[in-house]
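Read through the structure below, which is laid out as structure tokens, and then see the notes.
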Amino acid sequence: MKKIALFLAVFCIVACKPQQKGEERDAIKPLADSKANSATRNLYNRLNSLLQRGILLGHQDDLAYGHNWYDEEGRSDVHDVTAKYPAVMGWEIGHIEQDALYNLDSVYFDRMKRYIREANQLGAINTISWHADNIATGGSAWDCAQDNVVKSVLPDSENHVKFLSWLDRLADFFLDLKDDKGSSIPVMFRMYHEHTGSWFWWGSRQSTPEEYIQLWRMTVEYLRDTRNVHNLLYTYSPAAVENEEQYLERYPGDNYVDIVGFDCYANGENEEQSKEKTIQQIKAYKNNMIVNLDIVVNYADKAGKIPAITETGMERFPFPDFFSEVVYQQIIKNYKISYILFWRNAYNRPTHYYLPYKGSNNEFDFCVFVKEPKILLAEDIKQ
Ligand code: BMA
């Protein structure tokens, strides 16, 4: 009996040792990058434990600009309206592959590094997407005139070497994400997204499933193994699908993915459209969201991944209770998902906004939404 008591006491001292802040922990699940640095493994564990607390509110380009303003110190449309910052901030590195100074939405890359640092300081988590140009034509990510661009960047194909030089520029950017003390900042990298649609050169009509999977794996392997980038969690983010089979048709495999999500929007064509039409669009959105949430949450559960809504919203949300009633009560309330990322509030396009800004419609409705105990902002999760 004494022996058992002694064993239990020793076990407890060893096993129940409190975790020190910043201490290196192994990720709960193996990550796509087995050499992911400690900050990245901690981020994964943090996402996992936050999943039990609620849903993180995310916003694209939140600190970079908002409705009718651009690069103002400390400003954020979400903060203007709710007095808190989003818990997830999305950034876009399209055009970094061209060695450009700023991205396709006019955000300077050196400032983006600063915003990422600021977001990190606020306790928020950063996610990065990449609308890479079409390497074969010189056109944009949306240039789908050819259906062999993915094939052309794979090993031994005509654009492979040039494409690796593009990945080098990405690697340099990721490696340069550091906090004030010089420690690496981990980010969720959401690459080749919405590939179940066919509006990007990596889309479903532009490549075979095998080619897409090869592109994904090649990118992970190059960044991770050749360039030693170890601060990424890889995020799989198709456009809305109809069933799990479609969701997984181009899935690169559990060893290459950490976070599983989907992008899904409510259509909203113009300001003059009838109320009836808006209601129909919202109904379709709700159905789509629920189908995809079921797929993603279920798959994440089976495979030990983090489930998320990686892009969503309705431009101008011309519906009174869009956030508190439609998005929260009717869609996300009963789901265990890590985060919901709303798309950007453009500084130079008055109707291109996906979250309220000071003085816009739905300010109060959005405040009701963020006050739901399950909705978490940066201040709620700061460590
Ligand atoms: C789209 C729009 C575009 C933007 C692109 C990449 O959905 O917001 O204006 O250039 O995303 O951020």
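The values are calculated or read from the model by the stated rules, or taken from the named source; none is laboratory data. For clarity, every value in this text was computed on a predicted model and none was experimentally measured. So basically every Cβ, Gly included, is an ideal-geometry build from the backbone, and we count neighbours across all protein chains shown. Each accessible area value is taken on the protein alone, full model and side chains, heavy atoms only, with ligands, DNA and RNA left out. Shrake-Rupley method; radii C 1.70, N 1.55, O 1.52, S 1.80 Å.
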(request) Taking the options Glu379, Glu325, Glu311, name whichever one is closer than 29 Å to Met191 by Cβ, acidic (Asp, Glu) and either surrounded by fewer than 17 Cβ atoms within 10 Å (Cβ to Cβ) or within 16 Å of the ligand (Cβ to nearest atom) (or both). (result) Glu311
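Based on what the data block shows, is Ser129 within 16 Å of the ligand (Cβ to nearest atom) and more than 20 Å from Met191 (Cβ to Cβ)?
So Ser129 does not fit the description; no.
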(message) From the list Ala124, Ala141, Ala64, exactly one residue is among the aliphatic types (A, V, I, L, M), over 30 Å from Pro209 (Cα atoms), within 14 Å of the ligand (Cβ to nearest atom) and surrounded by 15 or more Cβ atoms within 10 Å (Cβ to Cβ). Which is it?
(response) Ala64
(message) If the requirement is being open to solvent by 10 Å² or more (accessible area, probe 1.4 Å) and more than 30 Å from Asp71 (Cβ to Cβ), which of these qualifies: Ile290, Ile332, Ile337?
(response) Ile290
(message) If I ask for residues that are closer than 20 Å to Ser49 by Cα and open to solvent by 30 Å² or more (accessible area, probe 1.4 Å), which ones from segment 342-376 would you list?
(response) Glu372, Pro373, Lys374
(request) Name the single residue, out of those in segment 109-121 being without any contact (Cβ under 8 Å) to a residue 60 or more places away in the chain and farther than 16 Å from Arg169 by Cα, that is most open to solvent (accessible area, probe 1.4 Å). (result) Gln121
(request) Take Arg190 and decide whether it is surrounded by fewer than 20 Cβ atoms within 10 Å (Cβ to Cβ) and either closer than 21 Å to Leu31 by Cα or among the basic types (Lys, Arg) (or both). (result) no
(message) Please verify whether Ser106 is surrounded by fewer than 20 Cβ atoms within 10 Å (Cβ to Cβ), of a type in the set (Gly, Ala, Ser), within 16 Å of the ligand (Cβ to nearest atom) and more than 22 Å from Thr219 (Cβ to Cβ), treating the condition exactly as stated.
(response) yes
(request) Tally the residues that are more than 16 Å from the ligand (Cβ to nearest atom) and either open to solvent by less than 20 Å² (accessible area, probe 1.4 Å) or in contact (Cβ under 8 Å) with a residue 60 or more places away in the chain (or both), restricting the search to segment 93-103. (result) 1
